[in-house]
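All remarks here apply to the structure that follows.
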Amino acid sequence: MPAIVQLTNAVKEYPLGKLVVKAVRGVDLSIERGEFTAISGPSGSGKTTLLNLIGCVDVPTSGTVQIDGQSTSALSDRQLTDLRLHKIGFIFQSFNLINVLDVYQNVEFPLLLQGELSASDRKKRVEEMVEKVGLTTQIKQRPNELSGGQRQRVAIARALVTRPAIVLADEPTANLDSATGKAIIDLMKDLNHKEHITFIFSTHDANVTSRAGRVVRVVDGLLAQAAEHA
Amino acid sequence: MNLGDQLRMLVVLAFRSLWAHQVKSAIIGFILVGGTFLVVLFGALLSSIEGSMSRSITSSMSGHYQVYDANAEDELALFPGFSFGSVDIGEIPDFAKVEKSLLQVDNVRAVVPMGITIGTVFGANEIDHVLESLRNAVRDGRSDDVKVLGERVRVIAQSIYGDMEARAAISSDPEKVARQRDALNLVLSEKFWDDFETDPLTALDFLDANVAPLAADGRLLYLRMIGTDPQQFKKEFEGFYLVDGEMIPEGQRGLLLSKRTYEKLIKNLCARDFDDVYHDVKLGTKLSEDTLLQEKVRRISRQYQRILFQLTPEDSAEVATKLREFRKTQNVPETEPDDIAAMVQWLLLVNDENIDENYKFFYDVIAPKMNLYEVPVGQEVILRGFTQSGYIKSVKVKVWGTYEFSGLESSDLAGAANVMDLVTWRELYGRMSDDQKAELDSIRETVGVQDVSREDAEAALFGGGGELEVAAVPDAPVFDEFAGANLKRGEEEAALNSFDPATLHQGLALNAAIILKDPSGEAKALTDLKAQIEKDQLGLQVVDWQKASGIVGGFLMTMRGVLYIAIFVIFLVALVIINNLMVMATLERTPEIGTMRAIGAQRWFVMGMFILEMLVLGLVSGVIGSIAAAAVVLWLGSTGIPAPADIAVIFFGGDRLYPVISAMDVIFGIGLIVFVSVLSTLYPAFVAARVAPVVAMQGKE
Amino acid sequence: MVLFTIAIRNLVQARRRSALLSLAIGLVTMLLVLMMALSAGINDNLVRSATIMSAGHINVAGFYKPTNAMSLAVVTDVGELRNIVEENTPNLDYTIDRMRGWGKLISDTGTVQTGFSGVDLADESHFLEVIQLAKESDYKDGGRDEIIGDPSQLAGGNTIMLFVNQARRLGVGVGDTLTIQTETVGGYTNTADVTVVAVARDVGLLSGFATYVPKQVLRDLYQLSPDTSGAVWVYLKDIEDADATMKHLRGVFEAKGYRLMDHEAVPFFMKFETVQGEDWTGQKIDITTWKDEVVMLTFVITAFDTVTVFLVSILVLIIAVGIMNSMWNAVRERTREIGTMRAIGMTRTRVLAMFLVEAFVLGLFATTVGATLGAATAFGLNALHINVPNDAVKAILLSDTLRMSVHVQSLFIAVGFLTLCTGLSALWPALRASRLSPVVALGHTE
Ligand SMILES: Nc1ncnc2c1ncn2[C@@H]1O[C@H](COP(=O)(O)OP(=O)(O)OP(=O)(O)O)[C@@H](O)[C@H]1O
Ligand SMILES: [Mg+2]
């Protein structure tokens, strides 16, 4: 079985005026199904850029990105979007919920975009997911009526509701106090265990890194070491 | 498969987003509501105008369609435009054929023959009245009257003689003035009146030829004449109704003047202007505040002679006495001059206080003694027309009465049309039936003799060569004068005054009105008519009422054009502004869009979201704007909009427009606004769709 | 100036927003300029046709009543009248005098009703300059594509000059003979045969009712003596002086013992009836301006200006809303910046000024571009000589071709007015910005 994520010599450059910023400079990375991977590194080292490449929201300047054995370099925007919709879930640093929709609708949103489930199936799935993140009582509330931790739980529910192969999280705890952050990581880890969902998240919080199954360190756009363990 | 659910989500998103960005929505909504309001309001006003105009015009002169020569040089214009008279719309030589053919078309109820031409009338001169009376008195052998009337002729001649100085001052021909002076001298001499007793007819002719023109003070009136079948005209045009006098009897020659022409052109200037001032004051204008109206009052007062000239000496005396008494009741000091001229001037120089009483006095006491109208109802009038090639045609015809078109009573344009029988009209236009031509030829032979004797009139009087000018019309062909004016004084009059009604529909017409049985089937009728014309090779063109109404219809189209251009411009600018606002709003929502894109929303979804948002906003604004416009229209519909100018009376189909709003206006307004909203959001939606999913990851917010 | 620099930098920073706003403002400016140009064009058409065909800047005319009940629109002793005018008119350019007549013009194939202007070419040096002749093909199907005819032959003989519309209707060209038929009060009909010596290009609506013949032709038709004429047309150096000069001349003539008619703003042919009914004989002088003689046409300009005002107000309202909104956004976006500046020590007034200057700079830029484009479009349209197809539109434009007339003055008005509107719409957001307390502003996150 192929790796769920396979980066081969991935390079990402940003033109910045006359300069070219090399955010990722030739990364080879392979992540297996069911891994709970943390990407760590100092600010500006290229964590977000790496996640963008894995999440197919951005394409590498050179090198290839394979998701679930499928190369993304030849895909159109429409196909990439479809790939994201079906295979990848996102959890953002600043939650990025749709403010005008309530908890239920936010979670339901990707399912609607998929348009594959019947209304009743959808309802069941959404309610199940909301229950898993423990927000059943807040299901009719809008994001601005929730705390930061609760918002991130909604985001997690939204990311998982489509049963994606990979969930990406860019500094999911950066905007939360450490206790809440810990609870969020616990929840993610729990889901990783129970549902065998692959988690890849970036962070520069050592407490968070320590709970990862695998830590990938990025320094200056390169992988420093790939510490395999625990 | 789950498109319905996605759509529902889009709608929810649209409403919620609109609500979330209240200020932006309110601003754009405000522009859209305003836009709809304007479009619906002005659209409804214009449609209402079109509706009332169509009603009043189709039911007055045009019918549902008009047909005329397909190869006409000019366009048919039922209402006078900017050119005087001489429009050339071709001819329909054989109307009977056209009528027969067009009546075969299913929906056609009637085909009314018509022709428009300009006739001139000389307003009556005092001297003409006197000479006519004198002639009648001589004919009837009333010698007492002959004496009195003869005396009046002498008075008139005396007064003309007094003006000869002024005449000589501008004349290029002193000899002619001298001859005129001689003629007057002759009339003032005892010998003339002695001769009068022995040969009154010759003397009368001399007076006609030499004194009457000198005393001329009548006006030349240009009257627009519509020749038609009067009975049919009355029956088919619902707007037509009689005001004074009676309808032209079937098979009789005759003329019906429009009431507007009668009151505004033919009426004595003094009385007419007095009416105007009275009318204005009744409508609330204060004479003391309106300098233009004061000026008008002063001008009326200076016209007092127009009244005095019309009064016989006895009437004058009576009026003077009554005026003197009336003045006392009005607290005018006794010391004021009390000759009739001064008193009439005083009567006419009205102010806010006395206008009611003075106006009443004028109509109670003075008006009944005057010839208020130069061409009065019940009398005959000589009309002169010019054929296309400039020949003068004259016809004598009786004014049976006056008429109006309902709704268009106060329109000068609609009121310009005077209705006459087509048989007489053809003569005026210069076309006669074969029968008439033959008849005329035979008559001409019999009167030819008398004509010669007329030319010899001076010789008989002066016993010498005819040096004085008699021919008042140097070069113009004159034969038709006989056909019209002079002949009918004879016994043939009765015979010539009636005709077989069928002849109205045989022979020449210029255009014809098509009246439909069912006006709602207009579109089909038009194609049918065209097909029928084609089939029978009638060589006619069909135009609708709007086109047929000439410049008036043109103005309406121009108004519509201006409205559409204005709307276009307003929307163009609104488009740019809304576009601008929406782009800003889009930029603000970049993170949200990025998130949606990252978690799997396709570009079309994002675009759809924005377009739907504006669609909703456009619809809501459209409805609000339409309701506001409908409210205003309903309010205007109950109070009415007064016509601001004469031409507006035709547009409004009356003195006031009572606008109505139709579903079409609203649908058009809302449709347009929705279209514009969607159009204005295309670019912002495109910008939104281009937002890259990465922005979702770029932290912040 | 630093505010100025900041304003420009900010505008450039928010490039897209500025561009779109400029587009809207520019469009409206362009429209305003075009509407004003059209209105001025109509006005020019009116002035031009009126002062060529129906009147001088001022007319010294009048009525002569040979009898109490008769009125003729002639003045006697016209030489003396002209002397008086020439000696007493400030800023006089020149004077002419014209006979006036009204009647039929008859050819073999048609008849038109028209006015006749009796000219004396020896006396009117300007006449030949103003009149533009038409090509033969303009009025004759298959005619030559060149100008034929010689208006200088109007100097004498039985000659006539027509306009294109009449020549078409009558089906005649240069060299053909026509019959003039005039009717005088009392039913006389006098005729004269005349030869067409030239055909002039139409000058708006009024040219449907004007033809030119030598004065003597009209004198003969109306049998008037040589020292009579219709009216003295007075041309001033500046037409704007017409009203004042008319009043002045009235005084002059009154002082010299002439009898004057009260001033009434209607054309002379509408005065016949009134004069006829008045109780006097002999001569009275009537002094009017060109406007009085074409008063029934001025409504077009009024109507047009009303539409312009209405349209522009709506557009300004829309634009004001747009500007206000965009300034709101600018204020919100730059709240921190404002806070910083206030903290550093910028006064409220300067903050206010900063935003206002920004709006004014934007307004000035956009309106200037718009006005330039508008003027260019107007010139372009003029150069195209667009023919107006519709009679009603012709009536409204008072001409057969579209004519725009751009006055520098109106460009400044458009630019000034709309820049001011732009600035004022920014006032409220700018005031709000200046009221922000530095603490709140700095604490603002976004
Ligand atoms: N859109 C962009 N344009 C230009 N340069 C960029 C862009 N995005 C990122 N970079 C640059 O690429 C490098 C890597 O940035 P990245 O956001 O991936 O770092 P990071 O590890 O996520 O940092 P942080 O911990 O602060 O989030 C940085 O030097 C950054 O300046
Ligand atoms: Mg980062």
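Tabulated data for the structure shown
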read-out	value
Whole-percent pair-distance distribution, where bins are 10 Å wide, for the alpha carbons of chain A	8, 33, 36, 19, 4, 0
Tensor-based shape of region C:52-137 (alpha-carbon gyration tensor, a/c under 1.5 rounded, otherwise prolate or oblate)	oblate
Two-decimal Rg/Rh across the protein assembly as shown, once Rg and the Kirkwood Rh are taken from alpha-carbon atoms	1.14
Residue exposure sequence - B:Met61, B:Met9 - by fewest surrounding Cβ within 10 Å	B:Met9, B:Met61
Qualifying trypsin sites (Lys or Arg not before Pro) for region A:133-188 [loop in DSSP, other Cβ within 10 Å: at most 14]	A:Lys140
Fewest-first sequence of C:His248, C:His126 by Cβ atoms within 10 Å of each Cβ	C:His126, C:His248
Fraction of the pair-distance distribution of region C:57-293 above 25 Å, Cα-Cα pairs, percent	43
Rh by Kirkwood over Cα pairs, then Stokes-Einstein D for region B:126-217 at 1.306 mPa s and 10 °C, µm²/s	117
At R0 = 51 Å, FRET efficiency that the Cβ-Cβ distance of B:Arg154 and B:Asp94 yields, to 0.05	0.35
Relative exposure of C:Arg144, B:Arg16, judged by other C-beta atoms within 10 Å (fewest first)	C:Arg144, B:Arg16
Amide H partners (placed H, <5 Å) of A:Val5, local residues excluded	A:Ile31, A:Asp68
Size of electric dipole in chain C: Cβ of Lys, Arg +1 and of Asp, Glu -1, about Cα centre, debye, nearest 20	3020
Dipole of chain B, positive end: most advanced residue of B:Asn136, B:Met584, B:Ile160 [Cβ charges, Cα centre]	B:Met584
Debye-sum result for region B:179-338 in log10 I(q)/I(0), which assumes one identical scatterer on each alpha carbon, at q = 0.19 Å⁻¹	-1.22
Under 13 Å, Cβ to Cβ, from C:Ala242 - net charge with Lys/Arg +1 and Asp/Glu -1	-3
Kirkwood-Stokes translational diffusion coefficient of region A:48-150, alpha-carbon pairs, 20 °C, 1.002 mPa s, µm²/s	138
Sparse-neighbour loop sites [trypsin sites (Lys or Arg not before Pro); region B:276-341; at most 14 other C-beta within 10 Å; DSSP]	B:Lys286
Shape call, chain C: gyration tensor on alpha carbons, a/c limit 1.5	prolate
Paramagnetic label zone (point 7 Å from Cα along Cα-to-C-beta, A:Ala224; backbone N under 18 Å) in region A:169-207	A:171, A:201-207
Cα-based radius of gyration of region B:269-372 once divided by 2.2 N^0.38 Å, which approximates compact folds	1.02
Relative contact order %, chain A, counting alpha carbon pairs below 8 Å whose residues are six or more apart	29
Mean Kyte hydropathy of 1.6 or more with a Cα span along the axis of at least 27 Å, helices from DSSP in chain B	B:551-588, B:603-639, B:663-689
C:Asn91 paired with B:Asp315, simple spin-label distance in nm, labels 7 Å along Cα-to-beta-carbon	5.3
D_trans [Stokes-Einstein, Kirkwood Rh over alpha-carbon pairs] for region B:1-96, 4 °C, 1.567 mPa s, µm² s⁻¹	67
Chain A - mean residue ellipticity at 222 nm from DSSP helices (-39,500 (n - 2.57) per run, n ≥ 4, rounded to 500)	-10500 deg cm²/dmol
Cβ-Cβ FRET estimate between C:Arg435 and C:Phe310, R0 fixed at 41 Å, reported to 0.05	0.70
Value of [θ]222 nm, deg cm²/dmol, for chain C, DSSP H segments ≥ 4, -39500 (n - 2.57) each, nearest 500	-16500 deg cm²/dmol
Debye, to nearest 20: dipole size of the protein assembly as shown, +1 on Lys, Arg Cβ, -1 on Asp, Glu Cβ	10500
Neighbour-limited loop hits for GluC sites (Glu not before Pro), region B:212-279 (at most 15 other Cβ within 10 Å; DSSP other than H, G, I, E, B)	B:Glu238, B:Glu246, B:Glu250
Principal semi-axes in Å for chain B [√(5λ), Cα gyration tensor, largest first]	70, 34, 20
Lys pairs, region B:269-372 - Cα-Cα below 23 angstrom, 8 or more residues apart or on other chains	10
Percent of beta bridges antiparallel (DSSP, region A:105-230, rounded to nearest 5)	50
Rounded to 5, percent antiparallel among DSSP beta bridges of the protein assembly as shown	75
Theoretical ellipticity at 222 nm over chain B - DSSP helices of four or more residues, -39500 (n - 2.57) apiece, nearest 500	-18000 deg cm²/dmol
Highest-MSF residue in chain A out of A:Ile156, A:Ile98, A:Ile184 [GNM, Cα springs under 10 Å]	A:Ile98
Förster radius 41 Å - calculated FRET efficiency between C:Ala265 and B:Lys530, Cβ distance, rounded to 0.05	0.25
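Bear in mind these aren't lab numbers, they're just calculated from the coordinates by the rules spelled out. All values reported here derive from a predicted model rather than from experimental measurement. Ideal geometry is used to build each Cβ from the backbone, glycine not excepted, and the neighbour counts take in all protein chains shown.
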